[in-house]
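What follows is one structure encoded as structure tokens, with my remarks underneath.
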């Protein structure tokens, strides 16, 4: 649990922020290729879910993405 709080959560939070920025920048390309939903899921939703809703110390879902 300590590793989760000290290492994994901060890393997934950074991944959420960076993924959000990259998603916004790539939005015109994703829109023209009709892949906005997929891009949002991979770049924003998955890291955010890991950061904010994954149970503390549960790395099973963390390792599957």
Discussion item. Between residue 22 and residue 59, how high is the FRET efficiency from 1/(1 + (r/R0)^6) when r is the Cβ-Cβ distance and R₀ = 30 Å? Nearest 0.05.
Written reply: 0.75
Practice prompt. Would you mind giving the three semi-axes, in whole Å and largest first, of the ellipsoid equivalent to the range 2-63 according to its Cα gyration tensor?
Written response: 26, 11, 6
Practice prompt. Rank by packing, highest mean first: peptides 16-22, 30-36, 44-50, with packing defined as the count of other Cβ atoms within 10 Å averaged across residues.
Written response: 44-50, 16-22, 30-36
Worksheet item: By how many nm would the segment from residue 40 to residue 14 lengthen if fully extended, with 0.36 nm per residue of separation less the alpha-carbon distance?
Response: 7.8 nm
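No lab work stands behind these numbers, since they all come straight from the coordinates. These figures come from a predicted structure and were not determined experimentally. Please note: Cβ atoms are built from the backbone with ideal geometry, for glycine as well, and neighbour counts cover all protein chains shown.
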